[in-house]
1. When the residues of the stretch 177-197 are narrowed to those that are over 28 Å from Ser245 (Cα atoms) and of a type outside the set (Gly, Ala, Ser), which ends up most open to solvent (accessible area, probe 1.4 Å)?
2. Determine, yes or no, whether Ile233 is more than 30 Å from Ala390 (Cα to Cα), outside any strand (DSSP E or B), open to solvent by less than 10 Å² (accessible area, probe 1.4 Å) and among the β-branched types (Val, Ile, Thr).
3. Would you confirm, using the coordinates I've provided, whether Ser39 is open to solvent by less than 50 Å² (accessible area, probe 1.4 Å), at negative phi and at pLDDT 95 or above?
4. Taking the stated definitions as given, is Leu340 touching an Asp or Glu at 6+ places or on another chain (Cβ under 8 Å) and among the aliphatic types (A, V, I, L, M)?
5. State yes or no: is Ala80 out of contact with any Phe, Trp or Tyr (no Cβ under 6 Å at 6 or more places or on another chain), assigned to a loop (DSSP other than H, G, I, E, B) and open to solvent by less than 20 Å² (accessible area, probe 1.4 Å)?
6. For residues that are within 20 Å of the chain's Cα centre (by Cα) and open to solvent by 10 Å² or more (accessible area, probe 1.4 Å), scanning just the stretch 94-119, find the one that is nearest to Tyr384 (Cα to Cα).
7. Would you please list the contacts, defined by Cβ atoms under 8 Å and residues six or more apart or on different chains, that run from a residue in the stretch 288-305 that is closer than 15 Å to Val261 by Cβ and part of a loop (DSSP other than H, G, I, E, B) to a residue that is among the basic types (Lys, Arg) and modelled with pLDDT of 95 or more?
8. If I filter the stretch 253-294 down to residues being closer than 13 Å to Thr18 by Cα, of a type outside the set (Val, Ile, Thr) and crowded, with 17+ Cβ neighbours inside 10 Å, which single residue comes out as farthest from the chain's Cα centre (by Cα)?
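The values are calculated or read from the model by the stated rules, or taken from the named source; none is laboratory data. Since the model is a prediction, treat every value here as computed from it, not as a measurement. Cβ sites come from the backbone with ideal geometry, for glycine too, and all protein chains shown count toward neighbours. Side chains are part of the model used for accessible areas, which takes the heavy atoms of the whole protein and leaves out ligands, DNA and RNA. Shrake-Rupley method; radii C 1.70, N 1.55, O 1.52, S 1.80 Å.
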Amino acid sequence: MTDQPWNAPLAHRPLDATVAVPGSKSLTNRYLLLAAVASGPTRLVAPLHSRDSALMIDALRALGAGVEVTADGDVDVTPATTVRGGASIDCGLAGTVMRFVPPLAALADGDVHLDGDERARERPMDGVVDGLRGLGVDVTHDGAPARTLPFTVHGTGGLEGGDVTIDASVSSQFVSALLLVAPRLRRGLDLRHVGERLPSKPHIDMTLEVLRGRGVDAREVGEGHWRVEPGEIAGGEVVVEPDLSNAGPFLAAALAAGGTVRVPHWPASTTQPGDDLREILTRMGADVALAEDGTLSVTGTGTVHGLDLDLTRAGELAPTIAALAAIADSPTRLRGIGHLRGHETDRLAALVTEITRLGGIARETDDGVEIEPATLHGAVVETYHDHRMATFGAIVGLAVPGVAIVDVATTAKTLPDFPGLWRDMLEQTGAAAG
């Protein structure tokens, strides 16, 4: 944690900026894991370099893969001949590492111990642990059964696979974690979800698309039911899309400050839930356009409208939308995001606490938050080691003087040098003050 809070820049004129967003965290860590068990070498072009991706790279190296970063930032992966046991993995606070690596560790030729940050020990792991036990893998902590980090996966050197049922109501990552290793199971995997809901389903669609892109027969065969056939995972070159969710704060800045923000290389078609921003920001008062060259432009007037929004598909966007809602001219209700209580922090409680600290009106509901218009004032915003709470504060700070953010460096989890990118966005037209 940094010693001094970061003073969020206040915009004093409409924006006119272009922001190149780094590669997708979700795609980068999926591609990295598949590359570690592929049939040949893989090169990732334009991947994300962040704390989360660095933790994944360290984990894969510990399990026997070769990973090298080139001078231009691409990543070359040499697959592990044998997944190596005896490793100790630091998951940090990365959901993709703590959920995706244990099934890979189950293929190791020995025990693999996993731990992470203090908050990581509170994050749910039930679906992954239940899935591994359904495949015949022991997961223990100090000899006793374990359902949260830290724990040890007792690798068997290989798994038979077959039919497995889990409850992924808390996180779609439970499903993706098992699907990603399924091609390496001797019988593949027939996976079913039981539970009242399935959050962030686009991330499961992303996993299936990533698998199919590497030559794997992976498909959804029914609602909450997926099948992956055994087979080789192709190597080769993979170009990583920009992170559309990380683009959210910059695009939201156009509404908060007025003016236009452009993000190049926006994919024409994608499984990233961040693509929902185009419709959401339009509903909140923006003019949104995707040019033929792939540049997405968002233009705002400085006036933001509230909305009633089901974010089940794209809960990771909630802090960005909540920041805009806090400065909106009408009420907002965000639904379908009860699972965010188990993210890097309890995001619902954090959002309500920080909006209230800023003078706003917000309350939790069973599955989301409600935010009403209010006159905000400056305050020191806590981040709770959560990168999206830091970007939440930065958005509000564009429109509200005197906002400072504790531990803005936590944004490095998924977005390197966020403060520099944010300041550059404003300085492109001399819009920063303070």
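1. Residues of the stretch 177-197 that are over 28 Å from Ser245 (Cα atoms), as a first pass: 183-190.
Remaining after also requiring of a type outside the set (Gly, Ala, Ser): 183-187, 189-190.
Details: Pro183: 5, Arg184: 98, Leu185: 3, Arg186: 146, Arg187: 121, Leu189: 2, Asp190: 27 Å².
Restricting to residues being over 28 Å from Ser245 (Cα atoms) and of a type outside the set (Gly, Ala, Ser), the top hit is Arg186.
2. Yes: the conditions hold for Ile233.
3. Numbers: open to solvent by less than 50 Å² (accessible area, probe 1.4 Å): no; at negative phi: yes; at pLDDT 95 or above: yes.
For Ser39, the condition - open to solvent by less than 50 Å² (accessible area, probe 1.4 Å), at negative phi and at pLDDT 95 or above - is not met.
4. On the way: touching an Asp or Glu at 6+ places or on another chain (Cβ under 8 Å): yes; among the aliphatic types (A, V, I, L, M): yes.
Answer is yes for this residue.
5. On the way: out of contact with any Phe, Trp or Tyr (no Cβ under 6 Å at 6 or more places or on another chain): yes; assigned to a loop (DSSP other than H, G, I, E, B): yes; open to solvent by less than 20 Å² (accessible area, probe 1.4 Å): yes.
Judged against the criteria, Ala80 is a match.
6. Restricting to residues being within 20 Å of the chain's Cα centre (by Cα) and open to solvent by 10 Å² or more (accessible area, probe 1.4 Å), the top hit is Arg119.
7. Sorted first by the residue in the stretch 288-305, then by its partner, the pairs are Thr295/Arg262.
8. First pass over the stretch 253-294, keeping only residues closer than 13 Å to Thr18 by Cα: 253-254, 259-266, 294.
Next cut, of a type outside the set (Val, Ile, Thr) only: 253-254, 259, 262, 264-266, 294.
Of the ones still in play, those that are also crowded, with 17+ Cβ neighbours inside 10 Å are 253-254, 259, 262, 266.
Details: Ala253: 20, Ala254: 22, Gly259: 27, Arg262: 22, Trp266: 17 Å.
This residue is Gly259.
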